[in-house]
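Asks: Got a structure here, written out as structure tokens. Questions coming.
The values are calculated or read from the model by the stated rules, or taken from the named source; none is laboratory data. What you are looking at is a predicted structure, and each value in this text was computed from that prediction instead of being measured. Every residue, glycine as well, gets a Cβ built from its backbone with ideal geometry; the counts of neighbours run over all protein chains shown.
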Amino acid sequence: MHLAAITLSPLDWSFLIGFLVIALGIGAYVAKKSGSSSSEFFLSGRHMPWWLLGFSMVATTFSTDTPNLVTDLIRKNGVAGNWAWWAFLITGVVTVFFYAKLWRRTGVLTDLELYEKRYSGPAASFLRGFRAIYLGVIVNIFIMAAVSLAAIKIGETMLGWNQYQSVIIAMVVTVIFSSLGGFRGVILTDFILFIIAMVGSFGAAYFAVTHEAVGGLANLFAHENVSDKLSLFLPAGESGFAAFAGLLMVPLLVQWWSTWYPGSEPGGGGYMAQRMLAAKNENHAVGSVLFFQIAHYAIRPWPWILVALASLVIYPTVGDIQAAFPEATNVANDSGYSAMLVFLPHGWLGLVLTSLIAAYMSTISTHLNWGASYVVNDFWKVYVEPDASERKLVWVARLATVIMMVLAAIVAFNLDSAAKAFNVLVGLGAGTGSVLMARWFWWRVNAWSEIVAVIAAALVAIFFNFTSMGLAWSESLGTWGIAVQVAIVTLAWVGATLATAPTDLATLKSFIELANPGGLGWKHVKKEIEDKGETFNITAEPINFPIALLATLAGCFLVYGLLFATGYFLYTDYLLFGVWLTIAIVSGLTVKFCWSKLVSSSS
């Protein structure tokens, strides 16, 4: 089968051009307000409601490479392969009930600013600047490159564009929009992007399942290429505890708390923290993150899953995809998603293509704004020009936006697989998640804890992903490889913590007064302060640990219940559909009860 690049009709072009005009129009409309100060450019004045922030979180994490990654995982390991990212739900729900309030209380402009409120000494200042460049520039560029790789594959399979055409066109539009509108433009446009992206993903799933070679859901699930890939808990073609443990136990027991991943940072952070910091108050911060967990994990996955499964019928192997698109140069399993979109009728084709462009712009614009916030607030203001005017800082942010986009495009030309990029990112964050969570609740964590964790994780990731010995070990360890990386990094940062001096008492006292996390981990500090005859000036209530823990468990079962109930309904297994739906309903009522106990009356 040899498929020619599709030709867009005037209706298709109207969707594309109309969306781009709206996006650029919003950017231009809010440009003056966003450019008035760095706080406006990066946090929109901290007046955003939970629902708008929640939509933005969902839109941002629906990047162009997300359906490609899902397709890659399913074509290799079946539906259960999604546990590689489904496990991060636990991370997100923990953030909802334990950390969202704390972030909003800090009043920082970026999450990195927290370092000099939580830690002390030269190490704290170094950590802030180091993370600004490492995360905000280096890792951020790699993330944007992975997203741009998906744009390349869509351009190759759907439009017959080469990699340079796809990235340059997408880059120019996005960087203009991002540099103009700042965070306010990103947030407002994300609301539109989410709606377009969801309509597009459901449309893509409908036409994939009703393709004449697929023949509907029943025929799809019964097809020999698909039937062994439907389990939600076991990898394709495998059974037994070993297979179950290898696929689920590592993500559920290790990965969710130990691994930093953009959008799923343990304890919050990155652009998720940026949105919590932009909320009207603590309750809006909590509500935005809870909305995101439900939409991201329970609503969005199944349209992508259905397209991925249908691709196995049309293109059983990577060779079949390559044969259908001989001019494409970046073909892999993740190309299966965009390869299915060429069968869309005109109108829907334009809408789905627009939804993918919307997803790309949403993710890239967020990462550009987030990365620029680090460059400006945590590097330029601290190390280069502390007395810079607000106008100057905004222009530095805009210049950083352009430079990072250009570098991301260059890196994208050297990537070939969404799954490989995902594995590298997970590896770079393996073992660092635990210190990001512990710093809020254990007084002994200091700046050196994080410095050692980041450096150790980077070195271990490089070894396992880019050296012959490390690659051999990684292949032999399989899914347990991440657990090994986590163990090495965790031992390194805990050892560094105990071997170095703690944060000074005055800084710890100030942090308790600012955030008041509560818990036994601060008992030592409180006793020292009391022994000195000093008192705390605390206005915020500490986290209610028993209720927050119950809410976390209920929140996880609520979202997983909805996710699995949807799956079993599609599979026509109505007994399991009923079981998981019941679990979701009971869990939802429990979350509602806990919310009434956790809500801040002062917010």
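Yes/no per residue for (1) free of Cβ contacts under 8 Å to residues at least 24 places away in the same chain; (2) in contact with a Leu (Cβ under 6 Å, 6 or more places away or on another chain); (3) polar (S, T, N, Q):
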position	(1), (2), (3)
W51	no, no, no
S56	no, no, yes
T64	no, yes, yes
V96	no, yes, no
L109	no, no, no
E116	yes, no, no
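Asks: Only one of these conditions is not met by S120: (1) assigned to a helix (DSSP H, G or I); (2) over 23 Å from V591 (Cα atoms); (3) in contact (Cβ under 8 Å) with a residue 24 or more places away in the chain. Which number is it?
Replies: Answer for S120: the failing condition is (1).
Results for (1) of a type in the set (D, E, K, R); (2) crowded, with 24+ Cβ neighbours inside 10 Å; (3) under 20 Å from the mean Cα position of the chain (by Cα), shown as yes or no for each residue.
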| site | (1), (2), (3) |
| --- | --- |
| W370 | no, yes, yes |
| S373 | no, yes, yes |
| K381 | yes, no, no |
| P386 | no, no, no |
| L425 | no, no, yes |
| G433 | no, yes, yes |
| W440 | no, no, no |
| W443 | no, no, no |
| W448 | no, no, no |
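Asks: Can you pull out every residue in the range 143-164 that is among the polar types (S, T, N, Q), part of a helix (DSSP H, G or I) and at pLDDT below 75?
Replies: T157, Q163, listed by residue number.
Asks: Cβ-Cβ below 9 Å, separation at least six or inter-chain, first residue in the range 560-588 and under 23 Å from N219 (Cα atoms), second polar (S, T, N, Q) and assigned to a helix (DSSP H, G or I): which pairs?
Replies: These pairs meet every condition: A565/T582; F577/T566.
Asks: For the range 48-64, state whether one or more residues are more than 30 Å from T552 (Cβ to Cβ), modelled with pLDDT of 85 or more and touching a Phe, Trp or Tyr at 6+ places or on another chain (Cβ under 6 Å).
Replies: Checking the range 48-64: not a single residue is more than 30 Å from T552 (Cβ to Cβ), modelled with pLDDT of 85 or more and touching a Phe, Trp or Tyr at 6+ places or on another chain (Cβ under 6 Å).
Asks: Still on this structure, please answer the following. Given the conditions (1) at pLDDT below 85; (2) surrounded by fewer than 24 Cβ atoms within 10 Å (Cβ to Cβ); (3) not charged (D, E, K, R), report the number of the one that S362 does not fulfil.
Replies: Looking at each condition in turn, S362 falls short on (2).
Asks: I've got another one for you. Taking the range 245-278 only, how many residues are in a helix (DSSP H, G or I), at pLDDT 70 or above and farther than 11 Å from G92 by Cα?
Replies: Selection size over the range 245-278: 16.
Asks: Let me ask another. Is it the case that some residue within the range 283-291 is closer than 13 Å to T91 by Cα, of a type outside the set (D, E) and either within 16 Å of the chain's Cα centre (by Cα) or surrounded by 24 or more Cβ atoms within 10 Å (Cβ to Cβ) (or both)?
Replies: yes
Asks: For the range 392-407, which residues satisfy the criterion of being out of contact with any helix residue (DSSP H, G or I) (no Cβ under 6 Å at 6 or more places or on another chain) and either without any contact (Cβ under 8 Å) to a residue 60 or more places away in the chain or crowded, with 17+ Cβ neighbours inside 10 Å (or both)?
Replies: K392, W395, L399, I403
Asks: Now for a different question. Name the residue, out of F130, F202, F97, that is farther than 30 Å from W13 by Cα and surrounded by fewer than 21 Cβ atoms within 10 Å (Cβ to Cβ).
Replies: Residue meeting the stated conditions: F130.
Asks: Quick one: L232 ticks every box in (1) farther than 24 Å from A554 by Cβ; (2) part of a loop (DSSP other than H, G, I, E, B); (3) touching a residue at least 60 places away in the same chain (Cβ under 8 Å) bar one, so which box is it?
Replies: So the condition that L232 fails would be (1).
Asks: Still on this structure, please answer the following. I'd like the full set of residues that are free of Cβ contacts under 8 Å to residues at least 24 places away in the same chain, over 22 Å from S587 (Cα atoms) and out of contact with any Asp or Glu (no Cβ under 9 Å at 6 or more places or on another chain), limited to the range 244-303.
Replies: Listed by number, the residues that qualify are A245, M249.
Asks: Go through L349, L344, L356 for me and flag whichever is touching an Asp or Glu at 6+ places or on another chain (Cβ under 7 Å) and closer than 18 Å to A204 by Cβ.
Replies: Only one candidate qualifies: L349.
Asks: Does the range 532-544 contain at least one residue that is assigned to a helix (DSSP H, G or I), over 30 Å from A80 (Cβ atoms) and not hydroxyl-bearing (S, T, Y)?
Replies: no
Asks: Of everything in the range 71-107, what is in a loop (DSSP other than H, G, I, E, B) and within 20 Å of G518 (Cα to Cα)? Give them in sequence order.
Replies: If the condition is that a residue be in a loop (DSSP other than H, G, I, E, B) and within 20 Å of G518 (Cα to Cα), then G107 is the only one that fits.
Asks: Continuing with this model, one more query. Could you tell me how many of the residues in the range 546-575 are among the aromatic types (F, W, Y), buried (at least 18 other Cβ atoms within 10 Å of the Cβ) and within 19 Å of V79 (Cβ to Cβ)?
Replies: Selection size over the range 546-575: 3.
Asks: If you scan the range 432-448, which residues turn out to be among the aliphatic types (A, V, I, L, M) and assigned to a helix (DSSP H, G or I)?
Replies: Correct list: V435, L436, M437, A438, A447.
Asks: Another one. Among the residues of the range 308-329, what is the count of those that are among the polar types (S, T, N, Q), in contact (Cβ under 8 Å) with a residue 12 or more places away in the chain and assigned to a helix (DSSP H, G or I)?
Replies: Number satisfying all stated conditions: 1.
Asks: Moving on to the next point. Being in contact with a helix residue (DSSP H, G or I) (Cβ under 8 Å, 6 or more places away or on another chain) and modelled with pLDDT of 90 or more is the filter here, so list the residues in the range 520-542 that pass it.
Replies: Residues satisfying the conditions are G521, W522, V525, K526, E528, I529.
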